[in-house]
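Single-structure report; data block below.
The values are calculated or read from the model by the stated rules, or taken from the named source; none is laboratory data. Since we're looking at a predicted model, the values are computed, not measured. For neighbour counting, all protein chains shown are included, and Cβ atoms are generated from backbone atoms with ideal geometry for every residue, glycine included. For accessibility, only protein heavy atoms count, side chains too; no ligands or nucleic acids. Shrake-Rupley method; radii C 1.70, N 1.55, O 1.52, S 1.80 Å.
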Amino acid sequence: MTGAVGGEAGVTAEITAFANARIFDGSSAELREGCVRVASGTIVEVAEGPGPGDRIVDCRGRAVVPGLIDARFHAYGARLSLLDIETSPLSYLALAGARRLAGALGRGFTTIRDPGGGDAGLAQAIREGLTAAPRYLFCGAALSQTGGHGDPRPPELGCCLGGGHMAEVVDGVDALRRASRERLRSGAHAIKIMASGGVISPSDPLRVPQYSPEEIRVVAEEATRRGSYVAAHAYSAEAIAVAVANGVRSIEHGNLLDAPTAALMAEQGAFLVPTLVTYDAMEHRGAELGLAPVARAKNREVLDAGRTAIMLAREAGVRIGFGTDLMGALDGEQLHGLRLQVEVEGPLALLRSATTVNAELLGRDDLGRIGPGAVADLLVLDGDPLRDPSVLWGGPDRRAVFQGGIRVAEQDAGLVLGSGGG
């Protein structure tokens, strides 16, 4: 193949060749030496070397991996308090969210699923290039029962509920059907529900299931009808079992999973999206950032259990993704989520989770892999992540991020690559 390919109306698209690369394709257990050839933001082929006329990015023997996917990132999660978030102006949350998303992109996360927050306006601004951000799959405000994980009111606060930025309180089958349809109408990638208590919510026990089976089922029916799915925040085995048995496809957190429930998840084809780093970060930094004492106590209840849940899920054959779920100033800990999951499963399983498995969860076969037809979201690393996974969470001088084949403008200290013409 020559250094150009045909485009629309006979327009020729220049090919950029990421040459002298050691490639992790998203699934293989070994890196492959080769050249990733890109045109118009899409991978054309993985070849032995560049073609005549290619514009060359010389990787100098470095590893090239697919852009990472964080399947649990909250753009509007600008505070550690749900009440602070829900009483903030949406204009503030959108600007704070744009900054949070830009930070994630600079760390190598080229796709984000936002299961709880975001909206069509933020997604449109990203598509139009108004702000630098990963590919953004928003779910809109999560659905919560009264007094559930998405209800930010502490018991002693007597007020009506407003907001609806990250979560909306909706009770009853008919109301949930309407709310689900509205999210799908607005372009939501999936629908998020709160199926158990949570760490930072002030009034709900952590382990108690939330929403009735009938309520969960109607949300799943509406999502499935539109070719979408339901993601559920759930900690306890009981809450996970109720959610999965009634059509939920993605279990978020899942820290208190047990073996029988893991087997049920595998049988139903559900995914687990662990978020180990959020508990680690809240344990080490929560007090200094003003995390409420009740939230710190709940956090300790699930802190170590998340690792066990991953092992139980793996033994049962559950597909395991990767997420972070970092709120407020904790979003800078995002890369440490990779380290924590490596400590449980090793670098190969982690890389698969953050690329091909998450892409499968999202239903996007153009993401999370390096091969023909995939988007050219690439991470060039100064080292072999299978042998030295610390390169994944090292400083910016150890990585270069490309989105659609174009290098992301970031720190001047970024990894230096060669360039030239073929």
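General remarks:
- As a rough guide to protection, the peptides 274-281, 387-394 ranked by mean Cβ packing within 10 Å, highest first, stand as 274-281, 387-394.
- Mean Cβ count within 10 Å, highest first, over the residues of peptides 221-228, 348-355: 348-355, 221-228
- Residue-level accessible surface for residue 265, protein heavy atoms, 1.4 Å, Å²: 0 Å²
- What the Cβ-Cβ distance of residue 315 and residue 157 gives, at R0 = 35 Å and to the nearest 0.05, is a FRET efficiency of 0.20.
- Straightening the chain between residue 130 and residue 92 buys 12.1 nm, computed as 0.36 nm per residue apart minus the Cα-Cα spacing.
- From helices alone, the chain scores -9000 deg cm²/dmol at 222 nm; the rule is -39500 (n - 2.57) for each run of n ≥ 4 DSSP H residues, then divide by the residue total.
- Among 174, 377, 54, the largest mean-square fluctuation in a Gaussian network model of the chain, built with springs joining Cα atoms closer than 10 Å, belongs to 174.
- Percent RCO, i.e. relative contact order, over the chain, from Cα pairs under 8 Å lying at least 6 residues apart: 19 percent
- Here each label is just a point 7 Å from Cα along the line to Cβ, and for residue 294 and residue 146 those points are 1.7 nm apart.
- Within the chain, DSSP assigns beta bridges of which about 50% are antiparallel (rounded to the nearest 5).
- Our Cα-only numbers for the range 62-127 put the radius of gyration and Dmax at 13.0, 47 Å.
- Applying 0.36 nm per residue to the separation of residue 120 and residue 283 and subtracting their alpha-carbon distance, the gain on full extension is 55.3 nm.
- GNM on the chain, alpha-carbon springs under 10 angstrom: the most fluctuating residue among 157, 303, 330 is 157.
- Largest GNM mean-square fluctuation among 120, 75, 63, using the chain with Cα springs under 10 Å: 120.
- Solvent-accessible surface of the range 81-135, taken per residue with a 1.4 Å probe and all protein chains present: 39 Å².
- The candidates 365, 397, arranged from most to least accessible area with a 1.4 Å probe in the full protein assembly, appear as 365, 397.
- Relative contact order [Cα under 8 Å, 6+ residues apart], the range 134-255, whole percent: 25 percent
- Fraction of beta bridges assigned by DSSP in the range 15-88 that are antiparallel (%, nearest 5): 65 percent
- Percentage relative contact order, the range 334-404, counting C-alpha pairs under 8 Å, at least six apart: 29 percent
- Size of the range 263-406 as Cα extents on the principal axes (Å, biggest first): 50, 42, 26
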